[in-house]
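This report refers to the structure that appears directly beneath it.
Read the figures in this text as sums done on the coordinates, not as results from a lab. Keep in mind that what you see is a predicted model, and the values were worked out from it rather than measured. Positions of Cβ are generated from backbone atoms using ideal geometry, with glycine treated the same way; all protein chains shown enter the neighbour counts.
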Amino acid sequence: EPEVTQTPSHQVTQMGQEVILRCVPISNHLYFYWYRQILGQKVEFLVSFYNNEISEKSEIFDDQFSVERPDGSNFTLKIRSTKLEDSAMYFCASRGLVVAYEQYFGPGTRLTVT
Amino acid sequence: AQKVTQAQTEISVVEKEDVTLDCVYETRDTTYYLFWYKQPPSGELVFLIRRNSFDEQNEISGRYSWNFQKSTSSFNFTITASQVVDSAVYFCALRLNRDDKIIFGKGTRLHILP
């Protein structure tokens, strides 16, 4: 069964450093998402991406964040200058063409900012 | 505004007992989708079910069943004959048809005691 994959599974970085989280969505999916879950809290939407542009973003997704689909298979989330409060689990998701379809989530990348 | 409330923060039951996880949602939209996800200790999000707002039929899948009641804006989840492997955090979630982001509840941590 096709699945969303994410790398790395765990990333440790120092405050102020740039990080890039990588995702490979399911191959025929067209809509891509990033969500964030601070430890012990609920999952929160960050951004949705379709047709090579952001379709929606939350107030969390400020200028420090950016997303890109650099090629036909990867979808990345970049945090330019990490803060301690960026420590969280980051989930990538994708879905197919029909809006009713569910979003399939990747296993997550745990980001620890020290 | 849209909201999902899971009033039960944590539940503990003894194995083989039945347990119901409550979910109440708020939206003024008439077309929406409701979801349940399971997050085991390993951290990934496992999709369990999607329900659209026009389908109030209850659903049963093995030991899992879901009770969707629009009149009370509830989408409750019951596990019968619980097993230790059911121990996880369970998230109820909502997505509007006109929107693409999933709004998660805060989750219910379920402990199944042997």
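Values as computed for the structure displayed
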quantity: Selection from A:LEU111, A:THR82, A:SER66, by position along the positive dipole direction of region A:51-114 (Cβ); calculated: A:LEU111
quantity: For region A:1-50, convex hull of alpha carbons as volume per residue, Å³; calculated: 121
quantity: ³J(HN,Hα) computed for each position of region B:9-18 - Karplus, 6.51 cos²θ - 1.76 cosθ + 1.60, integer Hz, glycine/proline x; calculated: 6, 8, 9, 10, 9, 8, 3, 5, 6, 8
quantity: 3J(HN,Hα) from dihedral phi, region A:24-38, Karplus parametrisation 6.51/-1.76/1.60, rounded to Hz, x for glycine, proline; calculated: 10, x, 5, 4, 9, 7, 10, 10, 10, 9, 10, 10, 10, 9, 5
quantity: Unit charges on C-beta of K, R, D, E only; dipole of region A:19-88, Debye; calculated: 220
quantity: Kirkwood estimate for chain A, i.e. one over the average of 1/r between Cα atoms, Å; calculated: 14.1
quantity: Where GluC sites (Glu not before Pro) fall in DSSP loop in region A:38-97, at most 12 other Cβ within 10 Å; calculated: A:GLU59
quantity: Linear extension gain, A:LEU39 paired with A:VAL24, 0.36 nm per residue minus alpha-carbon span; calculated: 3.0 nm
quantity: Long-range HN-HN contacts of A:VAL43 with modeled amide H, under 5 Å; calculated: none
quantity: Vicinal HN-Hα couplings computed from phi for region B:52-58 (Karplus, 6.51 cos²θ - 1.76 cosθ + 1.60; Hz; Gly/Pro x); calculated: 9, 5, 8, 10, 8, 5, 6
quantity: Relative contact order (percent, whole number), chain A, Cα cutoff 8 Å, 6+ residue spacing; calculated: 38
